[in-house]
Each structure stands twice: as C-alpha cells, then as structure tokens.
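The values are calculated or read from the model by the stated rules, or taken from the named source; none is laboratory data. A quick note: this is a predicted structure, and the numbers were derived from the prediction, not measured. Cβ atoms come from the backbone with ideal geometry, glycine included; neighbour counts cover every protein chain shown.
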Amino acid sequence: MQKLTVPILPPGPTAEWWGLNHLAAMRPNYLGYVEELQRQHSDIAHLQVLNEHIFHVFNPDWVREILITQSTALIRWERATEVFSHSMGQGVLVTEGAQWERQRRMLQPGFTPKRVAGYAKLMTDAARTAFSKLVKPKNDPNVDIETLMTGITLDVIMGVLFGNQQVQDSRSVANAIQTLSQFAVSQLFKPFPWPMWTPVPAVLNARRAIKELNQLIDHHINVTPEPDQASEKSLLTMLQQARDPNHPSEGLCGQELHDQIMVTFQAGHETSATALTWWCGLIAQHPDVAARIHDEVTEVLQGQDPTPETLAQLPWLQASLKEALRLYPPAALLFTRRACQNIKAGPWTIPKGSLIAITPYVIQRDLRWFDAPDEFRPERFMDSIEIPRGAWMPFGVGPRVCVGQHFAMLEMGLIAAMLVQRYRLAWPDDATWPKTNLGVTLRPAAPMTLDITPR
Ligand code: HEM
C-alpha cells in the first residue's frame, strides 16, 4: 500500500473559533497584522481561516521561486477575481490560463519601453496644463496633492487610451474608482461577501460606480475615430487592430475590448497618482533630498521639459521615486494566489489547494534587507548599493508582473521632474503624517495637503 506523506506545515498563529480570530485581528489593520506575522515568523507563516490554509511568504528568494519558477501551478484567489470582475469583466487582470495569455500577448506591445516613450509628450502636456491651472486660494496656501496628481494621471490615461481627450468630471470618476476600491477590499475580508444583488448601501454604491465607469468607457470607445482616421495611434486603436500573434485571424472585439480598456483605465492611473502623492509628502518632509533633486533637475534639464532620455540622467529623482515605492507600494499586497499543485517555498511544501499571500509592503520594510527600513533614504537605490533581488517588488514579479511598469516609471518621473522644476514643497507646520488606508491601492487615510510655492 502507498504511504501518504502529509507535509509538515510552517508555524503560525493559533486558530480560535475556526480561525475567525485571525479575520477579526486583520480587519482593522491588515498591514499591521501581516507585519507582526513577519516579525514573529520571519520567512513564512501559516494560518487557517475556516477551511482555508493561508501561507504568508516573506523571504524574497522564495517569493521569486513561487511567482516565477512555479507560476504555472498558481491561479488568483477566486474570491478576488470574482470581486474585481464586477468592474473589470474578463480583463487581463482577472483572467487565467489560455485566455490570460492571449490577452497579455495582445496588450504587451502597447507597453514596451519604446512604445511607452511615445507617450512622454502627452504626459508632460498633461502635467504642464495641470500646473498652469494651479491657483491657490489666498486664505489657504495648501494644495490637496492627491487631487492634483489624480487629475494629471487621469488625463494621461485618457489621452493614451483614446487620443487627446480630457476627463470632463475627473473628481466624479476618481470618486467612483475609490468607491470600488474600498468595496473590493471590504468584500475580501468578509467571511461571506455581499452578493451584487443585495440592496445594501455598499453594494448599491458599487453598482452606481461600475455603471458610471462603463458609461465613460463606452462613450469614449464610441466617439473615438475609426482606426484609419485616428491622427495619433491611441491604445484603443492599437487594441482594435491587434491580432493574436499565435492566431493571426483573431483580434479583440466587443466586450473583450471594453474589458481590457476598463482594466487599463482602472489599473493605470490610481496607482501612479497614489505613488506620486506619497513621493510628494516624503519630498516635502525631506528638504535635503528635495534640494539634491532640484539641483540635478536644474543642471540636466536647463529649463526644458524632461524626456525619457533626460530622465535617465536624473539618478536622485529616480532613486527617490523607487524609495517612495518601497515605503508606500500602491499595490501593498499582491493578488492572493491559489496553489493548484504542491508548491516549494525554500525548505517547506505548501500543499495543493492552499492560498499564498505576498505583501510587498511588509517585504520591503524587512530589517534584514533594509537598514532603518521605515526611513526615507533614496541613497539606497544609488548604483553602488545592492538591494537583494525580490526585496523591492512594487510591480510584482513573474509572468503576471505589472504590464504598465515602464509606463508608470516614465509617467512618475516626468511629472515629478516638472513639479520640482516649478515648485518648492513644504509640509505645513500643523500637519501630521497621514495613516495609510488600504484599498486596492494604499492611499493616505486623510487628504495630504502640502504648501506648494513657485520657485
Ligand atoms: C506605480 C504604479 C503601478 C504599480 C505600483 C503597479 C503595480 C502592479 C502590480 C503589483 C501588479 C501585479 C499584481 C499581482 O501580481 O498580483 C500589477 C498588474 C497590472 N498592472 Fe500595474 N501598477 C502600476 C501602474 C500600472 C499602469 C500605469 C498600468 C497601465 C497603464 C498598469 C496595468 C496593470 C495591468 C494590466 C496588470 C495586470 C497584469 C496581468 O495580470 O497580466 N499598472 N500592477
């Protein structure tokens, strides 16, 4: 008779009430809970909630081993894909297997470094327009940075997707996205999430937000000129013309096209806006770093707009952005994965059927890889200093790495350089550093208002 071997599980906190104690502890401060798990258990922790076995992996090498080497044995947690599919349909962020591979193949050419460099002018135009409208009321010298950055990144993503179009009501669109983001996260932490037909305020608000975004996307798909009339090639035009390299007669159409546009729209601006918001706060708090960046920007740009080429000559600016992404990764946790096979994590075996949680926010603040991990020290990212592979992973790793990472780094670099060229940022005397609010992105829990003075 064949002997069954049951893998020994790594240690973790004890389950009470079928593990509902873990859910209760996570809900008020998920990231604090996971940080504590890491402090107690170092590389990996196991916990059980109801019938789910959840493995938190913190060792960067093991994370890479899981997400790169064993990626084909993983799918995304079904609860998460269901929650996100309400607003993203069957877009590339939520699909799996052959359907995901096909969508990713068709989307990828729109995001190569070369293609993305072609969006640079659109990005600098959006920033210049927003800065030129930046009039501060006399009785309040402070500016809500997140609103400013969201406006710019919304204009950028609309321009990239549909040609040069500005969002009519960017506040309302941003609110709709934030409503969905909060709703999604609250659904993830409930033992039993609300079905979408439930007439409770949270669901009704989410449904309203989905409707608003669908209308916006449909409107723009319908008014955007036919591909052959489009003056500049938008991402929509590219996707309409894209053919699957493995099946050249097949393209994206109808709902599938709508869903890819929706995913790109949602994934492609709140993340960058949030990262820029934290970066502005950190720069305002560290005038010494701001001065170095300003000197560098002044010397290299000589008053001109930044370009992809000149950005590459601004190491302090780049390092400060990477450091902001380390301390406040907009995607603070990756999609939880389901193991479809036994998975190796260092010396441990994660059994088939388990959930695997990977939290860049915690991995990137691990004292083992970063001295004084809670401090803002951009010099960590200057050339001579080695960061262990996988210890900095704001864009994820493996085949499902962020498709927009070059886009995001370029966009953030251009906007940040233009801001520093024009303004001095200061943290108001009476302001305190905001707590974090974990939605789909990690945003400041209170508005971050900074004093912005023209140079
Ligand atoms: C600072 C900005 C950004 C950050 C930190 C970020 C982060 C991430 C992360 C961590 C993932 C992988 C999630 C996982 O493995 O569970 C991801 C996926 C994705 N991101 Fe981004 N992202 C950013 C900007 C963008 C932009 C600008 C776009 C598009 C214009 C974009 C589009 C996507 C898409 C489509 C996916 C899904 C890829 C797939 O599953 O194949 N992201 N992003």
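The residues in the stretch 57-72 that are under 15 Å from Thr336 (Cβ atoms) and surrounded by fewer than 17 Cβ atoms within 10 Å (Cβ to Cβ) can be counted, and the count is 1. At pLDDT 95 or above and assigned to a loop (DSSP other than H, G, I, E, B) - does that describe any residue in the stretch 280-300? Yes, the stretch 280-300 has at least one match.
For the stretch 222-253, a residue qualifies if it is assigned to a helix (DSSP H, G or I) and either at pLDDT 85 or above or buried (at least 17 other Cβ atoms within 10 Å of the Cβ) (or both), and the qualifying residues are Leu235, Leu236, Thr237, Met238, Leu239, Gln240. Among the residues of the stretch 350-391 satisfying the criterion of being β-branched (Val, Ile, Thr) and either surrounded by 12 or more Cβ atoms within 10 Å (Cβ to Cβ) or in contact with a Cys (Cβ under 6 Å, 6 or more places away or on another chain) (or both), which is nearest to Trp77 (Cα to Cα)? So, considering only residues that are β-branched (Val, Ile, Thr) and either surrounded by 12 or more Cβ atoms within 10 Å (Cβ to Cβ) or in contact with a Cys (Cβ under 6 Å, 6 or more places away or on another chain) (or both), the one nearest to Trp77 (Cα to Cα) is Ile356. Within the span defined as the stretch 426-438, every residue fails to be under 26 Å from Ile66 (Cα atoms), more than 11 Å from the ligand (Cβ to nearest atom) and touching a Pro at 6+ places or on another chain (Cβ under 7 Å). Scanning the stretch 402-422 turns up at least one residue that is more than 13 Å from the ligand (Cβ to nearest atom), among the polar types (S, T, N, Q), modelled with pLDDT of 95 or more and not in a strand (DSSP E or B). Scanning the stretch 316-335 for any residue that is more than 12 Å from the ligand (Cβ to nearest atom) and more than 22 Å from Arg443 (Cα to Cα) turns up at least one such residue.
For the stretch 76-91, name all the residues that are assigned to a helix (DSSP H, G or I) and not hydroxyl-bearing (Ser, Thr, Tyr). Across the stretch 76-91, the qualifying residues are Glu78, Arg79, Ala80, Glu82, Val83, Phe84, His86, Met88.
Only one entry of Ala312, Ala339, Ala345 meets the criterion of being more than 16 Å from the ligand (Cβ to nearest atom), among the hydrophobic types (A, V, I, L, M, F, W, C) and farther than 28 Å from Ala408 by Cα, and that entry is Ala345. Among the residues of this structure, Ala446 does not count as one that is surrounded by 22 or more Cβ atoms within 10 Å (Cβ to Cβ), within 21 Å of the chain's Cα centre (by Cα), more than 11 Å from the ligand (Cβ to nearest atom) and not in a strand (DSSP E or B). Number of residues in the stretch 92-114 that are among the charged types (D, E, K, R), part of a helix (DSSP H, G or I) and either closer than 21 Å to Ala416 by Cα or within 11 Å of the ligand (Cβ to nearest atom) (or both): the value is 4. If only residues of the stretch 166-188 that are surrounded by 15 or more Cβ atoms within 10 Å (Cβ to Cβ) and over 18 Å from the mean Cα position of the chain (by Cα) are counted, the one that is modelled with the highest pLDDT is Gln187. Within the stretch 356-364, identify whether any single residue is more than 30 Å from Ala130 (Cα to Cα), within 13 Å of the ligand (Cβ to nearest atom) and of a type in the set (Gly, Ala, Ser), and answer yes or no. Yes, the stretch 356-364 has at least one match.
For the stretch 376-401, taking the residues that are part of a loop (DSSP other than H, G, I, E, B) and farther than 22 Å from Arg337 by Cβ, the one that is farthest from the ligand (Cβ to nearest atom) is identified as Ser384.
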